[in-house]
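Peer 1: Once you've had a glance at the structure underneath, I'll fire off some questions.
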Amino acid sequence: MKLSQKKIDDYNIELTVEVEAADFSKEIKRAAKVLGERVNIRGFRKGKVPQAVLEKQIGKDALINEASDMLVQKSTQEAFKILGLIPVSENKADVVKNTEGENFIFTLTFTPFPEVKLGEYKNLEAEKVVETVTDEEVSKQIEALLTHHANLIDAAEGDAIQDGDFITLDYTGTIDGEKFAGGEAKDAPLDIGAHKFIGDFEEQLIGAKVGEERTVKVTFPENYHTKDLAGKDAEFACKINSIKHRELPELNDEFVQKVSTFKTVDEYKADIRKNMEANAERRAVEAQSQAVIAKAVENMTVDLPPVMIENRITQMINELAAQLQTQGMRLEQYMAFSGIDMDKMREDYREAAKRNVLTDIMLEKVADAEKIDVAQPELDFEIAMMAQMYQTPPKQIERYLKESGNILNVAASIRRRKATRFILDNMAGAKKAEEPAPAEEIKETAETKED
């Protein structure tokens, strides 16, 4: 096999592959056997059709074309292995010569994996900044907890709407005096201060009483999900049907004992502060880790082919589509609701996709440099975690990953995580590179129990 390559532009190359005539002849014979298994010819069993008979049945050109396709596929993999090339785009193959008895020649046009020069990835520095939890923040957290446990009581006759009230109302929206779809409701619930409606809709209702009618004027956001309404001024004719005030419980030892495992208010407050400080510490460690990894990426030299960014954008959108599907929504519905098209979505993902690709490249190169491998027990553990997530037996998950070819992606993901850990363990002041706590829902309170 003879190989020669030339650059087409900054990112793409054309590889010319020449295969000996004898090898092409062998491939023609192999193609005859393959085609012989597919066609029915009277008087011959499948796979036992002589080549001359097969050529008469399907034509010489069909046989040559089949052999050409098979040889292109086979020789492409050999050529990449010999040259150490990894394509990051689809290969465009063009057959130059496929005459029996002569050397077989074809070209491949593709984007190869770029050259990468690792910069410094050890002894990197990044400050760990832990936010101070103030008394005011603790008080706000406690206030939110009290609000969560508040009782709703009917407002007295003549009471006006206050911030924090829960109301029901009828409303009819118009734009330039014309009603619009979705702008009308009867007895709609509304939490004043939750800002579920656009603009200052809720604030304009403060002070109104039951039975009162009030006109609310708002402007739809420019990026509103319904394009016909985006940026337009609207008026809502509202009628208040009911008002409920929130009655907050008193913060005392009895309340604390009811909603938590603690005995006193002081213990409860101390635990809230402790949880908030733990969350602040986790955020600081995560931010520091991200800063160190970002520095390692900045220190790397690579001219990233645009196709790698486009491929990652496609991957991210496919992952979003799969996630939406689990929620019973199609991607098209999501885009319509969000008021964006595919071009806008791809553009929104572009910076994150570029950052992700660069980070993955850096981590893979660090793993190569430090000879980081993935042991079978590590892969088994990852499969077990996936099995737990999807509530599927591990053997079934493993079989699917192998059959779909995704087992290598799982191993690569583990390897990148190990490379990340290596960089953080070798940063300046290694004690700062603490392992972040396992991801979990941030606690807002001390351990609670059912009311």
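The values are calculated or read from the model by the stated rules, or taken from the named source; none is laboratory data. As the structure is a prediction and not an experimental result, all values here were calculated from the model. Neighbour counts are summed over all protein chains in view; Cβ atoms, including those assigned to glycine, are modelled from backbone coordinates with ideal geometry. Just so you know, the surface numbers come from the protein's heavy atoms only, side chains and all, with ligands and any DNA or RNA stripped out. Shrake-Rupley method; radii C 1.70, N 1.55, O 1.52, S 1.80 Å.
Per-residue answers, yes or no, for (1) surrounded by 11 or more Cβ atoms within 10 Å (Cβ to Cβ); (2) among the basic types (K, R); (3) modelled with pLDDT under 95:
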position	(1), (2), (3)
I397	yes, no, yes
Y400	yes, no, yes
G405	no, no, yes
R421	yes, yes, no
M427	yes, no, yes
K431	no, yes, yes
E434	yes, no, yes
P438	no, no, yes
K449	no, yes, yes
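Peer 1: Something else: Would you pick out the residues in the stretch 247-271 that are hydroxyl-bearing (S, T, Y) and surrounded by 13 or more Cβ atoms within 10 Å (Cβ to Cβ)?
Peer 2: S260, T261, Y268
Peer 1: List pairs: first residue in the stretch 112-128 and part of a loop (DSSP other than H, G, I, E, B), second residue of a type outside the set (A, V, I, L, M, F, W, C) and surrounded by fewer than 13 Cβ atoms within 10 Å (Cβ to Cβ) anywhere in the structure, Cβ distance under 7 angstrom, at least six positions apart or on different chains.
Peer 2: That search, which allows pairs on different chains as well, returns P114/D303; G119/T301.
Peer 1: One residue is enough: does the stretch 148-171 have a residue meeting the conditions in contact (Cβ under 8 Å) with a residue 12 or more places away in the chain, aliphatic (A, V, I, L, M), within 30 Å of K274 (Cα to Cα) and open to solvent by less than 30 Å² (accessible area, probe 1.4 Å)?
Peer 2: Scanning the stretch 148-171 turns up at least one residue that is in contact (Cβ under 8 Å) with a residue 12 or more places away in the chain, aliphatic (A, V, I, L, M), within 30 Å of K274 (Cα to Cα) and open to solvent by less than 30 Å² (accessible area, probe 1.4 Å).
Peer 1: Need the failing condition index for T76 against (1) under 43 Å from the mean Cα position of the chain (by Cα); (2) exposed (fewer than 12 other Cβ atoms within 10 Å of the Cβ), just the number.
Peer 2: With respect to (1) under 43 Å from the mean Cα position of the chain (by Cα); (2) exposed (fewer than 12 other Cβ atoms within 10 Å of the Cβ), T76 is out only on (2).
Peer 1: Next question. Quick one: which of L379, L363, L320 is part of a helix (DSSP H, G or I), open to solvent by less than 30 Å² (accessible area, probe 1.4 Å) and closer than 30 Å to L229 by Cβ?
Peer 2: L320
Peer 1: Scan the stretch 190-218 for residues that are over 13 Å from T172 (Cα atoms) and surrounded by fewer than 13 Cβ atoms within 10 Å (Cβ to Cβ) and report the count.
Peer 2: The total comes to 5.
Peer 1: Another question, then. K227 passes all but one of (1) over 22 Å from F337 (Cβ atoms); (2) basic (K, R); (3) part of a loop (DSSP other than H, G, I, E, B); which number fails?
Peer 2: Among (1) over 22 Å from F337 (Cβ atoms); (2) basic (K, R); (3) part of a loop (DSSP other than H, G, I, E, B), the lone unmet condition for K227 is (1).
Peer 1: May I ask you to verify whether E347 is in contact with a helix residue (DSSP H, G or I) (Cβ under 7 Å, 6 or more places away or on another chain), of a type in the set (D, E) and open to solvent by 60 Å² or more (accessible area, probe 1.4 Å)?
Peer 2: No; evaluated as a whole, the condition is false for this residue.
Peer 1: Return yes when K97 is farther than 26 Å from D360 by Cβ, open to solvent by 30 Å² or more (accessible area, probe 1.4 Å) and without any contact (Cβ under 8 Å) to a residue 24 or more places away in the chain and no when it is not.
Peer 2: When the stated conditions are applied, K97 passes them.
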